[in-house]
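S.K.: Handing you this structure, nothing more for now.
Bear in mind that the values in this text are calculations on the coordinates, not laboratory data. Remember, it's a predicted structure, so these values are computed and weren't measured experimentally. Note that each Cβ is placed from the backbone with ideal geometry, even for glycine, and that neighbours are counted across all protein chains shown.
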Amino acid sequence: MSAPNLATVSTITAKSVAAALTTLGTDVLTNAADSGKVFKVNNVVVGNIDGTNSANVTIRLTKSGIAQSIFQGISVPAAASLILIDKNTAIYLEENDILHILASADNDLVVMVNYEEIS
């Protein structure tokens, strides 16, 4: 099945996911193949829970099996948060797409992703 036509949407469900980030990275949001859904990522906020050191974040979007960095090595100051994606810069995850996020230091950064599951 393919992603739904946004002109004929039957259901929009608001969802959130949070994760601690590591140097290996985390698949924070995955839209399964044949889901029949599209995910609209409205907001990605990265927080630095280390009170002393800054850390870098990289966001990769995998489409059709090819990963592309959409943010690379963005510095998040100590004890601060950074909005990387908001409603003005929303992205869509089609079927089989993955939002993969990694940090320059293990467990210094956390991420919150707010999105809509559309079918």
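S.K.: Just grab the label-to-label distance for residue 107 and residue 23, each label 7 Å out from Cα along the Cβ direction, in nm (one decimal).
M.R.: 1.4
S.K.: So for the pair residue 117, residue 8, with labels modelled 7 Å out along Cα→Cβ, what separation do we get in nm?
M.R.: Taking the simple label geometry, residue 117 and residue 8 are separated by 2.2 nm.
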